[in-house]
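The values are calculated or read from the model by the stated rules, or taken from the named source; none is laboratory data. In this text the structure is predicted, and so the values were computed from the model without any measurement. Note that we place each Cβ from the backbone using ideal geometry, even for glycine, and neighbour counts take in every protein chain shown. When the accessible area is computed, the model is the full protein with side chains, heavy atoms only, and any ligands, DNA or RNA have been set aside. Shrake-Rupley method; radii C 1.70, N 1.55, O 1.52, S 1.80 Å.
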Amino acid sequence: MAKSRFTRLDAFTKTVEDARIRTTSGGIVTLTSLLVIFWLTWGEWADYRRVVVRPELVVDKGRGEKMEISMNITFPRVPCELLTLDVMDVSGEIQMGVMHGINKVRLRPENEGSTVIESKALELHKDDAVHLAPDYCGECYGAPPPPAGTKPGCCNTCDEVREAYASISWSFGRGEGVEQCEREHYAEHLDEQRKEGCRLEGGIRVNKVIGNFHIAPGKSFSNGNLHVHDLENYFKDEGGHTFTHKIHHLRFGPQLSDDVVEKMMKSHAASGPGGWTNHHINPLDGTDQHTDEKAYNFMYFVKVVSTAYLPLGWEKQQPMSSKYTDTIGAKIDGNYKGSIETHQYSVTSHKRSLAGGSDEEAGHKERIHARGGIPGVFFSYDISPMKVINREVRDKSFSGFLVGLCAVIGGTLTVAAAIDRAVYEGVNQVKKMHSN
């Protein structure tokens, strides 16, 4: 009884073997349909295995984070002794005369190719106070002794006298009449570097808030709410100094290895238009600016956007180790499979003469430049409140793969059956016509 109920529900009725007719055309259609099924099934499998990048835009909820800025900038007409790198932000943190993490590379004069000087970089203050008598206490010439001096209450080196002068906003000049500077041959070393250039390379770590960093001549110091540079040596020196410069690279965030970049590009290519946002590209790389004026500055206004790259399976990986987060200049290599936190940025630039006046030479007679300022190269960066997340995902789920597989098999066999029937009926009609 139960068997008869299920028999009535059978949607796949069968024919007896004796009622089936096999034809040559049917064999050809069957073989062709199998090849088509295998080919389409491989395409469905490739779609299922393909990894694409899907960008998302979310609010950046990070707090109290640090950001690495890596730079490599050449100044062919300013010696290293005159260059100072300062960093400041809206939180009130100021880093004046940054040296940690930054290398100053002395370059030969521009007319000699600006090649790197092979000898060790000349330190203007290499003759420090270690050879002096233990009871020696150098004079600070009316300025208060620097708190970080080698000996409390004294100025035992030329650099300490300059520091003391900067603390009360006094101009220092070439150190004439200063015993420590004459002993260290400060003026002679200045003259020796007069025609040289300089390259700044390395990285700094800053608070992830609105701020700026700049490269300007002379020792810097703060005077109340003003940030000032001692420009006397820059303007009095007849070495033809200007802030012509080339930005070899400027990067916000950790450095990505070639393997990581290649993998990202490969995933982006699979995403098609509108996929990955190419955040490893830095728009200021290769920028070359030229000027023949001493009193001239260049300003770059940078909008920084936090960017995360989440590879497939990133949540199963260990968090990024201190090897990458605490070391300036650390490179993320292809062995790291976790999430990558970095930054991309856009930039607009402006340049002007500190003498002021109209911008007629650039074709903008209606534009008037303000007078005054500090010569140098200034980078003002703003942090976007939004964050871009580039997430690797499978283009198709496993259930989608099964649905596609069933559609391939069923659709191909249905079309093949229709073709076989049409061929069979056509052959029969031709045979009847010839028999008549």
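Which of the GluC sites (Glu not before Pro) found in the range 36-86 are loop residues per DSSP with 14 or fewer other Cβ atoms within 10 Å of their Cβ?
Here the sparse-neighbourhood loop sites are 65.
Work out, step by step, the length gained on full extension between residue 346 and residue 209: first 0.36 nm times the residue separation, then minus their alpha carbon distance; give nm to one decimal. Working shown, then result.
Numbers: separation 137, 0.36 × 137 = 49.32 nm, distance 1.63 nm.
Answer, rounded to one decimal: 47.7 nm.
Would you mind pulling out the separation of the Cα centroids of the range 17-56 and the range 186-214, in Å?
After rounding, the separation between the Cα centres reads 66 Å.
Once you sort the root eigenvalues of the Cα gyration tensor of the range 153-205 as a ≥ b ≥ c, which label holds: rounded (a/c under 1.5), prolate (a/b larger than b/c) or oblate (the other case)?
In terms of gyration-tensor shape, oblate.
Return the subset of 303/337; 61/351; 246/294; 294/351; 246/351; 104/294 for which the Cα-Cα distance in this structure is over 23 Å, preserving the input order. It would help to have the intermediate numbers written out before the result.
On the way: 303/337 28 Å; 61/351 35 Å; 246/294 17 Å; 294/351 13 Å; 246/351 14 Å; 104/294 21 Å.
The answer is 303/337; 61/351.
Of 312, 57, which has the most accessible area with a 1.4 Å probe, and how do the rest follow in descending order? List each step's numbers first, then the result.
On the way: 312 75, 57 120 Å².
So the residues, ranked largest to smallest area, are 57, 312.
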